[in-house]
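See below for the structure under consideration.
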Amino acid sequence: MAHLQFLVKPVSSLCNLECEYCFYLDLATHQHDKPRKMTREVLSLLMDRAAEYFIQDPNDKDGTEVTANGAATADNGSNLKIIDGEHSVSFLFQGGEPTLAGVEFFKAVIEEQQRAFAKFNGRVPVFNSIQTNACRLSEELVSLLSANHFFFGVSLDGPAHVHDAMRFYKNGRGSFDEVMKGIELLRRYHAEFNILCVVTDIVVKHIAEVYAFYKDHGFYNIQFIACLDAFATMPPHPCTTDPKPSAIPFKAVEQAEHYHDCSCASNSSSDAADHAPHSCGCTDNATALRVASNTPASCASDAAKDASAVSDGKRFLSDEAYSEFLVKVFDLFYDDLINKGEYVSIRHIENYIALLLNMEINACNMTGVCRIQNVIEASGKVYPCDFYAHDDFVLGDLKDNTLAQIMNCQRAQQFVNTSRIENGSCLKCDYFKLCRGGCVRERENNVNIRCAAFKNFFAARLPKLQHAAAILSGMQG
Ligand code: SF4
Ligand code: SF4
């Protein structure tokens, strides 16, 4: 059985926004490669590498043969054999802002997938999703992606005054209005989507209002993600002995392509619109991806300024606020479930409930062990996790390595194996079954930096969490 997953970065860390807390822009300062758009060649190679992963080694007698009509047959040596079991592959396109890659890029994604996976006759289903700030969604792109069953994750941190505090354009203007227009478009095309909210102090301060806002707008599928601290200020991953990751001076990406969007240009991700003139009066007449050295002075953003505030070591989510968040958002969820018979899907709460019910979950930050997520940078380099897309952690390159080589290399094995908690206070903790030490990116000396918040939440709300689990398992039964 193989369920392959890829996090694909079509334009690396490039983005039309300059959100204050952007962790990927922070990480990109630790990559030597320039941010750029993924070429058709790399895209095609990705699909080939993914497909070949499912093909049985010809020297291996096991495996299931697939005939032209897709039926599994006994081996007669004449047809393609795929590894035994159930399989699937999922591609999550994210960034930066993946829609900057343009409609033509996504047409190519669909074509290359169909080409590479046609040979399996449907025995390896392919799933696609895209995580977007939704500001540049065009009819052309939404109709293409929804017709091809892409699932959309939309980044929206609540009502305008909360969202715009962190998610803004380079000129400081908030992006809320464009996000809501993007969502309107998704609805018009009946696209499936959920909401991703980055939890910061300001979100926590207004959490009841944020939650009510989501419900008022019919957003009942929500994923809250704790805002990460700067990479350079975090404890090192246990697989490395370096006290701190090697920081590449920002100069290394200074000559990279930059994206400028002051939000005045056409709200569209069509390739033609990428070259539309600005209406704000700025002299930049090309909002397309371009090389910084060609950037007109009026729009040129100082490369140093392009490094996010995260890399300055700012913390946007205090431990106290996170503690408050866990309790308050659960109380809102619980009140809806128990007193109003209304179910709001909140990813981390669902995962806690699943763990209580001894069900499997696939969120590695809640299983206690790192997983190789196959982050595919635009260059074709592969990294283990979105939070470690850093030169110190490169697992290989699609041009040089098969996926099996990449996923089984020594560095990948170390990344996973060293993430297991084998000693320390977590093993004696009453809540280990539910917490499992949290995401490794936030662990120091085997304990999560948000440990006090987790303990406070479980101590205060475990009986209600169990009650919710009992109700929901009864509903399922
Ligand atoms: S660092 Fe966190 S998100 Fe990344 S693989 Fe490890 S547990 Fe998962
Ligand atoms: S609550 Fe703290 S001690 Fe307990 S498992 Fe989580 S991180 Fe470890």
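Out of all the residues in region 68-89, is one or more at pLDDT 95 or above, within 24 Å of Pro10 (Cα to Cα) and surrounded by 19 or more Cβ atoms within 10 Å (Cβ to Cβ)? Yes, because at least one residue in region 68-89 is at pLDDT 95 or above, within 24 Å of Pro10 (Cα to Cα) and surrounded by 19 or more Cβ atoms within 10 Å (Cβ to Cβ). Only a single item in (1) at pLDDT below 95; (2) more than 16 Å from ligand 2 (Cβ to nearest atom); (3) under 23 Å from Cys451 (Cβ atoms) is not met by Asp392, and it is number (3). Within region 418-433, residues that are of a type in the set (Gly, Ala, Ser) sit with their Cβ atoms under 8 Å from residues that are within 7 Å of ligand 2 (Cβ to nearest atom) and modelled with pLDDT under 95, at 6+ positions apart or across chains, in these pairs: Gly424/Val447; Ser425/Val447. Would you call Cys370 surrounded by fewer than 19 Cβ atoms within 10 Å (Cβ to Cβ), within 16 Å of ligand 2 (Cβ to nearest atom) and touching a residue at least 24 places away in the same chain (Cβ under 8 Å)? Taking the combined requirement at face value, the residue does not satisfy it.
Among the residues of region 356-389, which ones are more than 9 Å from ligand 1 (Cβ to nearest atom), part of a loop (DSSP other than H, G, I, E, B) and touching a helix residue (DSSP H, G or I) at 6+ places or on another chain (Cβ under 6 Å)? Give the steps one after another, and end with the answer.
In the first step, residues of region 356-389 are kept if they are more than 9 Å from ligand 1 (Cβ to nearest atom); the result is 356-362, 374-383, 389.
Remaining after also requiring part of a loop (DSSP other than H, G, I, E, B): 357-362, 374, 377-380, 389.
Hits for region 356-389 are Leu357, Ile361, Gly380, Ala389.
Of all the residues that make up region 119-164, how many are surrounded by fewer than 19 Cβ atoms within 10 Å (Cβ to Cβ) and at pLDDT below 95? The total comes to 4.
Out of region 393-410, which residues are surrounded by fewer than 18 Cβ atoms within 10 Å (Cβ to Cβ) and in contact (Cβ under 8 Å) with a residue 24 or more places away in the chain? Lys399, Thr402, Ala404, listed by residue number.
Is it true that Ile361 is away from ligand 2 (no atom under 16 Å from the Cβ) and of a type in the set (A, V, I, L, M)?
Values: away from ligand 2 (no atom under 16 Å from the Cβ): no; of a type in the set (A, V, I, L, M): yes.
No, not satisfied.
In region 440-465, what count of residues is obtained for those that are under 14 Å from Tyr352 (Cα atoms) and surrounded by 14 or more Cβ atoms within 10 Å (Cβ to Cβ)? Going through region 440-465 one residue at a time, the tally reaches 8.
Tell me the residue from Ala412, Ala453 that is part of a helix (DSSP H, G or I), more than 14 Å from ligand 1 (Cβ to nearest atom) and small (Gly, Ala, Ser), please. Explain how you work it out, then say what you get.
Numbers: Ala412 fails: more than 14 Å from ligand 1 (Cβ to nearest atom).
When all the criteria are applied, what remains is Ala453.
Take Lys455 and tell me if it is within 13 Å of ligand 2 (Cβ to nearest atom), closer than 30 Å to Asn339 by Cα and in contact (Cβ under 8 Å) with a residue 12 or more places away in the chain. Spell out how you get there, then give the answer.
Working: within 13 Å of ligand 2 (Cβ to nearest atom): yes; closer than 30 Å to Asn339 by Cα: yes; in contact (Cβ under 8 Å) with a residue 12 or more places away in the chain: yes.
Judged against the criteria, Lys455 is a match.
For region 99-113, taking the residues that are assigned to a helix (DSSP H, G or I) and in contact with an Asp or Glu (Cβ under 6 Å, 6 or more places away or on another chain), the one that is nearest to Ser44 (Cα to Cα) is identified as Glu104.
Of these, Asp397, Asp331, which one is under 19 Å from Phe458 (Cβ atoms) and more than 16 Å from ligand 1 (Cβ to nearest atom)? Reasoning before the result, please.
Details: Asp397 fails: under 19 Å from Phe458 (Cβ atoms).
The conditions single out Asp331.
Looking across region 418-433 at every residue that is loosely packed, with under 14 Cβ neighbours inside 10 Å and of a type in the set (S, T, N, Q), the one that is nearest to Ile449 (Cα to Cα) is identified as Ser425.
The values are calculated or read from the model by the stated rules, or taken from the named source; none is laboratory data. Owing to the predicted nature of the structure, the values given are computational and were not obtained by experimental measurement. No Cβ is skipped: glycine too gets one built from the backbone with ideal geometry, and neighbour counts run over all protein chains shown.
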